[in-house]
1. Averaged over A:42-50, how many beta carbons belonging to a partner chain fall within 10 Å of each residue's beta carbon?
2. Kindly write out, for segment B:80-92 in residue order, the coupling ³J(HN,Hα) from the Karplus curve 6.51 cos²θ - 1.76 cosθ + 1.60 (θ = phi - 60°), rounded to whole Hz, with x marking Gly and Pro.
3. Once the convex hull of the C-alpha atoms of segment B:22-221 is built, how many Å³ does it hold per residue, rounded to a whole number?
4. Output ³J(HN,Hα) for segment B:15-32: one whole-Hz value per residue in order, computed from phi by the Karplus curve 6.51 cos²θ - 1.76 cosθ + 1.60 with θ = phi - 60°, and x for Gly and Pro.
5. Is there a simple number for the mean count of other chain Cβ atoms within 10 Å of the Cβ of residues in B:173-182, and what is it?
6. Given the peptides B:233-239, A:186-192, B:114-120, arrange them by the average over their residues of other C-beta atoms within 10 Å, most packed first.
7. Relative contact order for chain A using alpha-carbon pairs under 8 Å, separation at least 6, rounded to a whole percent?
8. Taking each residue of A:91-104 in turn, how many C-beta atoms of other protein chains fall within 10 Å of its C-beta, and what is the average?
Amino acid sequence: MLLEVENLSVYYDSIQALKGISLQVDEGELVTIVGSNGAGKTTTLLTISGILRPRHGTIRFQGQDITYLAPHEIVRRGISHCPEGRQIFTGLTVMENLLMGAYHRRDRERVAQDLAWVQELFPILAARRRQLAGTLSGGEQQMLAIARALMSRPKVLLLDEPSLGLAPMLVDTIFEVIQQLRAQGVTVLLVEQNAYQALRVADRAYVLETGTIKLSGPAQELARNEEVKKAYLGG
Amino acid sequence: MFSLPYIAQQLVNGLTLGSIYALVAIGLSIVYGILRLINFAHGDLLMVGAYLALALLLNTALPLGAAVLLPMIIVGGVGVLVERLAYRPLRGAPEVAMLITSLAVSSVIQNGTIMTLSAQPRAFRLPQELIAQQKLGVVSFSTLDAVSVALAVFLMVLLTLFVTRTRVGIAMRACAENLRAARLMGININQVIAYAFAIGSALAAAAGFMWAGRFGSIEPFMGFLPGLKAFVAAVIGGIGSIPGAMLGGYLLGFAEIFFVGFLPPELSGYRDAFVFTLLLLVLLIRPRGLLATGAEREG
């Protein structure tokens with residue numbers, strides 16, 4: 001098991017956001033967490049990344065306990081987080097943003113290779129690499145956010161709402177890229193409100209509701225589940 | 001009304017004073033940019049730098065350059081230590097907690113200096129070659145003024161190269177814009193914050209030498225005024241922005257000199273009131289400063 005979350009409870013002051021959830025991600029898998037706004041999806045990812053501290057529970061990565069490591073240590077071990085709302089550095093150039101994604105890496109040659117790789121994945125970034133990231137369109141910013149997260153050469157990529165606020169055509173592009181990544185062997189844990197698209201591309205899925213996991217299983221099975229259809233797929 | 005040479009002379013004076021404000025303002029601005037901390041102890045590091053420079057000038061036969069460089073290195077270290085001991089434990093606490101702590105740090109540094117060295121002002125005597133007056137066309141200035149401006153510009157160029165060409169420097173800008181995203185990218189923010197304090201404090205020490213040389217004496221509370229003025233400069237320029245701090249520093253330096261130099265002498269006692277009026281005017285027109293970048297950070 002590559003990533004294992006066990007009985008995780010997270011609080012914001014006295015409000016419990018996660019009520020003992022457990023989930024696993026295996027190497028090469030594309031796993032998605034679907035659920036409505038406020039269900040705890042982003043909280044889950046932020047806790048895995050070490051930004052939030054759980055009150056109970058453990059997070060194991062490649063068999064090692066990483067629950068209380070600093071965020072930069074977690075990135076170093078191979079977990080990369082592409083946050084909700086893109087959060088690119090708007091005052092830095094596209095290239096500088098990409099280099100920040102590879103901040104901890106000293107293997108210059110490989111970094112150069114990965115720069116070439118992400119620019120191949122997102123050709124628009126190559127064209128705009130000297131531009132300030134704040135001047136990019138929303139879709140381009142999302143691509144930059146994903147590319148930046150890939151620059152650490154993660155063993156697991158945590159993707160938080162990559163389709164949020166994008167035009168339908170761009171949503172398709174983003175999901176194409178996610179499938180492409182998966183085909184290239186990148187393990188992905190995808191958080192999405194767009195359950196239809198997420199369940200279509202994922203191997204397995206978890207349905208998160210008010211801090212607990214309601215359902216889990218192969219994505220295609222969940223997509224056919226009556227409850228899921230009613231709650232998340234518009235009937 | 002005013003002769004051209006007189007105006008030129010005032011420009012030179014403004015440039016000298018502005019260089020000092022700019023150096024101090026940069027330190028305030030980079031720390032604020034990352035931590036949202038208004039570091040009230042910043043001016044006191046300028047004072048520590050001046051005392052160290054004096055000690056080196058009086059007690060050692062080291063070249064003059066060392067009396068500038070060594071205090072910069074030591075005070076840079078002091079800045080890192082202060083962050084580690086006083087501010088880091090408060091990371092994540094409300095911003096006001098760190099603000100109050102910086103007042104306490106300021107008080108500790110000032111009173112520590114009084115206890116160990118006394119509150120008596122001391123003469124800050126520079127070697128003759130620095131005091132010598134130079135004439136360039138119609139304007140005159142001391143060698144110290146020329147050295148101060150040149151050193152300030154050199155340090156600012158160096159800093160600009162650092163934040164645009166180096167990994168840690170770019171990370172510093174990234175942290176100032178979005179600390180959480182920077183952490184998610186694997187940037188060790190403690191390391192970046194330490195760099196920010198080291199650089200800011202070292203620049204304050206350099207400014208301390210210039211300030212002390214300008215006024216000829218030093219005392220434990222000498223950091224207050226340049227610290228306050230530099231804060232005004234940083235806010236005028238857009239606090240958090242390095243180019244803003246530079247611009248604000250020079251603007252303030254020129255404005256202050258021009259106020260004193262071109263208005264009736266009986267008004268010159270109001271120079272500080274004038275400085276704050278200028279701040280209010282700038283903030284009325286551009287509430288976040290002249291070169292403010294990015295959106296105000298949430299949470």
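1. Mean partner shielding for this stretch: 1.
2. Per residue, the Karplus-derived 3J(HN,Hα) values read 5, 5, 4, 4, 4, 7, 9, 9, 4, x, 9, 4, x Hz.
3. It comes to 127 Å³ per residue, whole-number rounded.
4. 4, 5, 5, x, 4, 5, 4, 4, 4, 6, 5, 4, x, 4, 6, 5, 5, 4
5. 6
6. Taking the mean over residues of other Cβ atoms within 10 Å, the ranking is B:233-239, A:186-192, B:114-120.
7. Over chain A, the number comes to 28 percent.
8. 5
Read the figures in this text as sums done on the coordinates, not as results from a lab. This is a predicted model, so every value here is computed, not measured. Neighbour counts are summed over all protein chains in view; Cβ atoms, including those assigned to glycine, are modelled from backbone coordinates with ideal geometry.
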